[in-house]
Amino acid sequence: MANAVRVHQCGGPEVLTFEQVETAEPGPGEVRIAQSAVGLNFIDVYHRTGLYPLELPCPIGMEAAGTIEAVGEDVGQFHEGDRVAYASPPVGAYTDQRVIAADRIVKLPDAISEEMAASIMLQGMTAEYLIKRTFPVETGQTVLFHAAAGGVGLLACQWLKQIGATVIGTVGNADKAALAQEHGCDHTIIYSDENFVDRVREITDGQGVPVVFDSVGASTFEGSLDCLLPRGMLVSFGSASGPVPPFNLAMLAQKGSLYVTRPTLMTYTASHEELVESANELFEAVHRGLRVNINQRYPLKDAEQAHRDLEARKTTGSTILIP
């Protein structure tokens, strides 16, 4: 039997139930992982609330790390005892044992601990595809990154500084502003105290930025468009304040022939080759000095409280659940 957190109905954090489930033997192309750390991410909230619908009842969680304890047939590249991690569907990471397809996992280098991997795989590969592939940021460019003190934000700020970009970040309070600055954010905007559009225009001498990375969603969407240069791109990759409502495409023309995209990590790591390439880019960035901040740890059985704290914006950096 395995210990797992499951959802039987959509709702608030209270719908997360800690229970025992049967463990399976890995089938062809699968492995079973003894998990030592599980990542907490906002997509878990979207699954729990039904914003991203799942067939219930089901486990949740997209990211974890551990050691392979059993290997199914036709799995040539992985063996028992390998340290591995993943950050991809299907959901089911909130458990101490997991059977998963071998083409969804990557081996961990010796320098990457399992806790570190569980804290950065999803957020780090998200930062990778956003700033390296969705909008390849170049040295000397200035970018706006919302929620700069969050898990993705802290990694992206550092990575953008490795590239040589100037980073403007929005945050919720002075403590988060200081944290973002410590991780490479050049200009912080406390959105509760300042109008971020006006501040971006001020910082850029009225020009705006070529790209905005926005995981907040509804409350920042139009403002993010107003921060862009003509032909700039809004990369909307999350909905922390709610989904972006329908809008008239003509607005993009009126605001300067703008581009809007809504990418997902799952599309950018759809093949095993892309997954490995993204993970290796992340591990190399860590080798170059990317700092990983695991600022919160909760027992897996306390996932409900972890979700409450995440939604209340009480967390910074990365959070992991310990089975």
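Any residue in region 276-305 that's touching a residue at least 40 places away in the same chain (Cβ under 8 Å) and in a helix (DSSP H, G or I): show its pairings with residues that are among the hydrophobic types (A, V, I, L, M, F, W, C) and surrounded by fewer than 19 Cβ atoms within 10 Å (Cβ to Cβ) at Cβ separation under 8 Å, as long as the two are six or more apart or on different chains.
Matching pairs, first to second residue: F283/A111; V286/A111; H287/A111; L300/F18; L300/I322; K301/F18; A303/F18.
Answer yes or no as to whether G39 is assigned by TED's automatic domain parsing to the domain that holds E304, surrounded by 13 or more Cβ atoms within 10 Å (Cβ to Cβ), out of contact with any helix residue (DSSP H, G or I) (no Cβ under 7 Å at 6 or more places or on another chain) and modelled with pLDDT of 95 or more.
Answer is no for this residue.
Going by the conditions given, is Y46 among the hydroxyl-bearing types (S, T, Y), assigned by TED's automatic domain parsing to the domain that holds N295, closer than 27 Å to A127 by Cα and outside any loop (DSSP other than H, G, I, E, B)?
When the stated conditions are applied, Y46 passes them.
Which residues, counting only those in region 1-28, are farther than 18 Å from D302 by Cα and surrounded by 15 or more Cβ atoms within 10 Å (Cβ to Cβ)?
Of everything in region 1-28, those that are farther than 18 Å from D302 by Cα and surrounded by 15 or more Cβ atoms within 10 Å (Cβ to Cβ) turn out to be T23, P26.
From (1) surrounded by 14 or more Cβ atoms within 10 Å (Cβ to Cβ); (2) in a helix (DSSP H, G or I), pick out the condition that doesn't hold for M266.
Unmet for M266, out of (1) surrounded by 14 or more Cβ atoms within 10 Å (Cβ to Cβ); (2) in a helix (DSSP H, G or I): (1).
Which of the numbered conditions does T316 fail, given that it passes all the others? Conditions: (1) in contact (Cβ under 8 Å) with a residue 40 or more places away in the chain; (2) assigned by TED's automatic domain parsing to the domain that holds S219; (3) more than 19 Å from M62 (Cβ to Cβ).
The single condition T316 does not satisfy is (2).
Residues of region 65-98 being in a strand (DSSP E or B) and over 19 Å from V276 (Cα atoms), which ones?
The answer is E69, A70, V71, T95, Q97, R98.
Of the residues that sit in region 165-215 and are over 22 Å from L229 (Cα atoms) and of a type in the set (G, A, S), which one is surrounded by the most Cβ atoms within 10 Å (Cβ to Cβ)?
A180
Mind checking whether some residue in region 49-63 is closer than 22 Å to A117 by Cβ, part of a strand (DSSP E or B) and small (G, A, S)?
Looking for residues that are closer than 22 Å to A117 by Cβ, part of a strand (DSSP E or B) and small (G, A, S), one finds none in region 49-63, hence no.
What are the residue pairs meeting all of these: first residue in region 1-28, first residue acidic (D, E), second residue surrounded by 14 or more Cβ atoms within 10 Å (Cβ to Cβ), Cβ atoms under 7 Å, and 6 or more apart or on different chains?
E14/E304; E19/A4; E19/R6; E25/A70
Sort through S241, S278 and tell me the only one that's small (G, A, S) and at pLDDT 95 or above.
Within the list S241, S278, the selection yields S278.
For (1) part of a strand (DSSP E or B); (2) within 18 Å of the chain's Cα centre (by Cα); (3) under 16 Å from S241 (Cβ atoms); (4) of a type outside the set (D, E), each residue gets a yes or a no:
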| residue | (1), (2), (3), (4) |
| --- | --- |
| T139 | no, no, no, yes |
| L160 | no, yes, no, yes |
| G169 | yes, yes, no, yes |
| A177 | no, no, no, yes |
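Tell me which of these E311 doesn't satisfy, since it passes every other one: (1) crowded, with 17+ Cβ neighbours inside 10 Å; (2) within 16 Å of the chain's Cα centre (by Cα).
With respect to (1) crowded, with 17+ Cβ neighbours inside 10 Å; (2) within 16 Å of the chain's Cα centre (by Cα), E311 is out only on (1).
Let's see how each residue does on (1) under 24 Å from E19 (Cβ atoms); (2) free of Cβ contacts under 8 Å to residues at least 60 places away in the same chain:
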residue: E63; (1), (2): yes, yes
residue: G66; (1), (2): yes, yes
residue: H79; (1), (2): no, yes
residue: D96; (1), (2): yes, no
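The values are calculated or read from the model by the stated rules, or taken from the named source; none is laboratory data. Just so you know, these numbers come straight off a predicted model, no measurement behind them. Using ideal geometry, Cβ is built from the backbone for each residue, glycine included, and neighbour counts are taken over all protein chains shown.
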